Amino acid sequence: MKNLKIIKKKNKRFLFLTCFFIFLVFVLLSITSSRWTKKTDYRNIAHLFSSITFEQWDNEGAKNYYFAPVISYSNPGDKFVDIYPRVFDSQGNNYYLSHPSGSFLLSYSILKLFHLPINNLNLQKILFIYFILSIIGMMILLNLLFQKNISIIIGTLIYTFHPLILFSFTYYHFAETIGLVFFIWVLVFHLLIIKFPDNKLYFLLHKILFFCYLLIDWMALIYAIFYIFYNIKQKNKNEAILVSNLTIIAYLMIVIQYSSIGGLKPFINSIWMRYIDRIGIFSNILNIDGLWAAINEFFRLFFQSIWNVLEGTGSLFILIILPIIHKAKIFKNDTTWQFIIKWVFLPILIFSIIVFSAVLTHYVYMAKFVLFITLATIFVCEKYLFIDNKKWIHLGYMIIFVITMLWGLHKYAGFYKYDTYQANLDKQANILKTGAKPTDICVYIIADNQNINELVYVSYTAKRNLLFFHNINDFNKWYENNTNIYCFYIFNNIKNIIVYK
């Protein structure tokens with residue numbers, strides 16, 4: 001009889017949470033689909049790079065591009081020309097090797113499986129699928145860590161309606177977003193293995209997802225190191241050896257794949273120089289404006305990044321944890337809290353420190369911290385807030401929670417509002433597309449204070465690679481040594497578009 005009651009209780013819990021999930025999906029679909037468009041915003045570099053890669057794979061075969069992210073076009077005049085030169089193969093194609101190619105291969109497989117056209121709209125639809133998968137994983141993770149239904153519901157809503165999460169799964173089809181989905185699911189099966197150590201299926205799924213995670217996001221290496229040392233400490237050598245072997249195999253695959261493009265040395269140089277380039281933003285400021293300016297810029301970006309995490313539903317982390325921070329006993333020796341710190345917070349923190357410059361200069365890099373603040377906030381709620389029977393306190397927190405959700409949605413509504421400047425870039429791209437011959441090198445002279453990232457959109461729309469210069473004098477110096485090259489180029493002074501041929 002007692003077991004029957006437990007089963008009924010579990011069934012009611014499952015039915016209740018399933019209904020909540022279905023309702024949440026419909027709400028999310030109505031919110032996010034209003035931001036879906038076929039046309040890529042000129043500021044959305046992630047989707048531009050993804051679209052270029054998928055188009056090139058589709059046109060000439062992914063195998064011809066080593067199944068790697070290629071961010072250039074292959075007209076005769078486009079060879080060895082690009083806005084952001086990374087690693088060129090012998091055919092003059094430019095590759096983006098800052099991330100493993102797993103996220104690109106996964107999404108491209110979905111596009112091909114369902115015969116979907118390659119455009120921004122379908123990238124956003126795929127992101128929505130990833131979003132739903134991350135929410136399912138989040139709900140299971142919360143269910144494994146916490147006892148109360150309210151904990152699972154509030155935790156899911158904190159995660160789902162955080163501006164960083166909404167942005168990532170609407171506008172950022174890249175390794176960081178897809179990697180977050182796999183990180184959540186790896187943690188789910190990590191917990192299931194702890195709770196059910198004899199379950200072979202959980203063990204197998206954990207290793208499969210972990211291996212895929214290694215091929216998608218560099219942060220998987222930090223998790224791998226933690227997991228290996230944890231198992232060594234637990235004297236589980238077989239598990240440590242298995243994870244070590246999976247990690248070695250995954251990274252050997254990446255090294256072999258990327259080295260086949262231009263050789264091992266160019267690949268290593270690309271990764272290293274990319275890392276140095278990221279850090280270099282502060283050294284450039286130091287050289288030009290001095291030490292104080294570099295320090296000031298560092299702290300400005302640091303506090304801006306912290307603010308990005310604490311916006312919207314993230315503010316609950318401060319509002320709920322600060323009032324009870326003196327009650328340290330709820331954190332002490334608690335296995336749930338230890339899991340949150342050891343397996344969620346520390347891997348994210350260490351990875352963020354290693355790539356600190358990218359984290360400080362890229363909004364989406366802080367999205368992983370939303371996972372931590374969600375779990376930490378719900379931990380405190382379940383240990384302290386949800387055991388208080390004072391209804392007025394619950395009502396007060398509920399009002400605050402609704403306000404933070406609305407705040408997050410308001411922030412989300414401001415992302416990538418249509419900018420009429422995009423029409424000007426469309427005109428420039430059309431001139432290149434219709435006027436330049438396939439054998440022409442397309443040269444673009446940027447205006448004063450023009451953002452170079454805009455050229456990625458022009459390149460994508462024109463389907464041509466661009467060689468850019470900061471001013472006409474720089475171009476003339478280059479042209480003196482290249483007079484045999486027939487060029488078609490644009491000088492953009494913002495107010496007028498002057499075309500030279």
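If you go through the stretch 433-461 and pick out every residue that is surrounded by 14 or more Cβ atoms within 10 Å (Cβ to Cβ) and either free of Cβ contacts under 8 Å to residues at least 12 places away in the same chain or under 14 Å from Phe49 (Cα atoms) (or both), you end up with 9.
Could you tell me whether Val359 is touching a Ser or Thr at 6+ places or on another chain (Cβ under 7 Å) and of a type outside the set (S, T, N, Q)? When the stated conditions are applied, Val359 passes them.
Among the residues of the stretch 261-284, how many are closer than 16 Å to Ile354 by Cβ and modelled with pLDDT of 75 or more? Number satisfying all stated conditions: 2.
Can you tell me which residue within the stretch 399-421, out of those that are small (Gly, Ala, Ser) and either in a helix (DSSP H, G or I) or touching a His at 6+ places or on another chain (Cβ under 8 Å) (or both), is surrounded by the fewest Cβ atoms within 10 Å (Cβ to Cβ)? Among them, the one singled out is Ala413.
The set of residues from the stretch 361-389 being in contact (Cβ under 8 Å) with a residue 24 or more places away in the chain, aliphatic (A, V, I, L, M) and either surrounded by fewer than 22 Cβ atoms within 10 Å (Cβ to Cβ) or under 20 Å from Ile324 (Cβ atoms) (or both) comprises Val364, Ile373, Leu375, Ala376, Ile378, Val380, Leu385. Annotation note: of Phe196, Phe211, Phe203, Phe182, the sole residue that is of a type outside the set (D, E, K, R) and closer than 17 Å to Val344 by Cα is Phe182. Could you go through the stretch 190-210 and let me know if any residue there is crowded, with 24+ Cβ neighbours inside 10 Å and touching a residue at least 60 places away in the same chain (Cβ under 8 Å). Scanning the stretch 190-210 turns up no residue that is crowded, with 24+ Cβ neighbours inside 10 Å and touching a residue at least 60 places away in the same chain (Cβ under 8 Å).
For first residues located in the stretch 305-333 and modelled with pLDDT of 80 or more, partners that are in a helix (DSSP H, G or I) and of a type in the set (Lys, Arg) and lie 6+ apart or on another chain with Cβ distances below 7 Å form the pairs Glu311/Lys411; Gly312/Lys411. Scanning the stretch 125-147 for residues that are polar (S, T, N, Q) and buried (at least 23 other Cβ atoms within 10 Å of the Cβ) turns up just one, Ser134.
Condition first: crowded, with 17+ Cβ neighbours inside 10 Å and touching a Pro at 6+ places or on another chain (Cβ under 6 Å). Can you find one or more residues in the stretch 28-41 that meet it? No; the residues of the stretch 28-41 include none that is crowded, with 17+ Cβ neighbours inside 10 Å and touching a Pro at 6+ places or on another chain (Cβ under 6 Å). Do we have Thr170 as over 24 Å from Ile378 (Cα atoms), of a type in the set (Ser, Thr, Tyr) and either in contact (Cβ under 8 Å) with a residue 40 or more places away in the chain or not in a helix (DSSP H, G or I) (or both) here? So Thr170 passes the test.
Does the stretch 479-500 contain at least one residue that is farther than 14 Å from Pro76 by Cα, surrounded by 12 or more Cβ atoms within 10 Å (Cβ to Cβ) and at pLDDT 85 or above? No, the conditions are met nowhere in the stretch 479-500. Looking across the stretch 65-104 at every residue that is part of a helix (DSSP H, G or I) and touching a residue at least 40 places away in the same chain (Cβ under 8 Å), the one that is surrounded by the fewest Cβ atoms within 10 Å (Cβ to Cβ) is identified as Pro76.
Among the residues of the stretch 445-466, those identified as over 28 Å from the mean Cα position of the chain (by Cα) and over 17 Å from Ala423 (Cα atoms) are Ile445, Asp448. The set of residues in the stretch 55-64 being closer than 20 Å to Phe267 by Cα and either crowded, with 22+ Cβ neighbours inside 10 Å or polar (S, T, N, Q) (or both) consists of Asn64 alone.
Of the candidates Asn430, Asn424, the single residue that is in a helix (DSSP H, G or I), touching a strand residue (DSSP E or B) at 6+ places or on another chain (Cβ under 9 Å) and either within 30 Å of Leu48 (Cβ to Cβ) or of a type in the set (Ser, Thr, Tyr) (or both) is Asn424.
Within the stretch 113-141, the residues that satisfy the criterion of being part of a helix (DSSP H, G or I) and free of Cβ contacts under 8 Å to residues at least 40 places away in the same chain are Leu113, Asn122, Ile129.
Would you say Glu176 is closer than 24 Å to Ile306 by Cα and either among the charged types (D, E, K, R) or surrounded by fewer than 17 Cβ atoms within 10 Å (Cβ to Cβ) (or both)? The answer is yes for Glu176.
Checking the structure you have, find out if any residue of the stretch 27-47 is within 24 Å of Tyr363 (Cβ to Cβ), basic (Lys, Arg) and part of a helix (DSSP H, G or I). Among the residues of the stretch 27-47, at least one is within 24 Å of Tyr363 (Cβ to Cβ), basic (Lys, Arg) and part of a helix (DSSP H, G or I), which makes the answer yes.
The values are calculated or read from the model by the stated rules, or taken from the named source; none is laboratory data. This structure is a prediction, so every number in the text was calculated from the model and none was measured. Backbone-built Cβ (ideal geometry, glycine too); neighbour counts: all protein chains shown.
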